[in-house]
1. Among the numbered conditions (1) of a type outside the set (Lys, Arg); (2) free of Cβ contacts under 8 Å to residues at least 40 places away in the same chain; (3) in a helix (DSSP H, G or I), tell me where Pro258 comes up short.
2. Go through the range 52-160 and tell me which strands (runs of 3 or more DSSP E), entirely inside it, have 2 or more residues that are modelled with pLDDT of 95 or more.
3. Listed residues Leu162, Leu227, Leu187, Leu220; which is without any contact (Cβ under 8 Å) to a residue 24 or more places away in the chain and surrounded by 15 or more Cβ atoms within 10 Å (Cβ to Cβ)?
Amino acid sequence: MLLTQQKEEEMKKFRIGAILVMTVILGLVFTACASKGAKFDVSKSENKTAYDYDRVEAPTQDSGSADNKSKEYGLTSTTDFTAGNIAANQTMDKIITRVNLEVETQEFDDLVSIIKDEIVRLGGYDERTEISGKRYYSSGSSRYGSIVARIPKDKLNEFVDLVKENGNVINETSSSDNVTLEYVDTLSRKKSLEIEQERLWSLLEKTETLEDIVTLESRLSSIRYELQMYETELRTIDNKVDYSTVTISINEVERMTPTTEEKETVFIRIKNGFSKSMFDISEGLKNFFVWFVVNLPYLIMWAVLITVAVIISKKIYKKQRNKNQIVPGIGDRLNDRINKEDSDK
């Protein structure tokens, strides 16, 4: 009886020991599986931006397989930030400002020089300059110029006022383009790709198979291309926002166009009309005098040719007339002789 109790106690201890051993083994197995699965399981963040940003597809041939592989590994382009957080980091809205000025001047060279000097002084730069008109042998005297200047946005009003002080601005237009949403959208896509790039780099360090390495490298190459594209787009927007575009059309004139906005009375209209008529007459006389002096050699040459032609014509006419007077006299004498002979018969 005592032996039977001892055997039962030994069997009970054996069972308990076996259960403990199995529990430890199963725990080790589950732990190993969990750690192995964690290498290729990255938690997904389900937070979406206010604008529902989607990752741009990579413009490469292997992008499809790379994206599928990324999804297989649990890598997606979702981000852990919101568009509101991105916008909060921006000091102000992204607004592109453009100004067009049409200017008249009687001192063309001086105005162009002043504008160029002020562009440099204010920290801007001359994007394009075009000047035409007034060739040396051309009869026209007016010139035209177009200057496209990029001015820091905080110096824009100062530059426009300076142009108005030195020229007669007859037309001014301005426009603004708010590109904040476009900027935030591009920035969000860039941040999303950077996060995906970091995850892929981390995954690449742990990957051992050649196929996975090639796939990840292909996707990383596509991401680098997209990041460069977005960085270029962001720099372009920043440049357009930080430097306003001012297009100045300069016309050289001899008489300024009145820019007063007060209502014209009958007397003012008569005064302006009479002044314009006198100005036109004066300009006409000056132009005629210039034309006469410039073309004087041609006029002298034609006068000589016409004089010679008239003299020659007169001599020919006089000679022909004398000839006609001699011929009829001979005819009369012949007729008288014939008539006399007939009468004698």
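The values are calculated or read from the model by the stated rules, or taken from the named source; none is laboratory data. Every value quoted in this text rests on a predicted model; they were computed, and no experiment measured them. All Cβ positions, even for glycine, are placed from backbone atoms using ideal geometry, and neighbour counts span all protein chains on display.
1. The failed condition is (3).
2. Ranges flagged: 95-105, 143-152.
3. Leu220
Residues are listed down the side, and each one gets a yes or a no for (1) at negative phi; (2) more than 20 Å from the chain's Cα centre (by Cα); (3) of a type in the set (Asp, Glu); (4) modelled with pLDDT under 95:
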position	(1), (2), (3), (4)
Thr215	yes, yes, no, yes
Arg219	yes, yes, no, yes
Ser222	yes, yes, no, yes
Tyr230	yes, no, no, yes
Tyr243	yes, no, no, no
Ile248	yes, no, no, no
Asn251	yes, yes, no, yes
Thr257	yes, yes, no, yes
Glu262	yes, yes, yes, yes
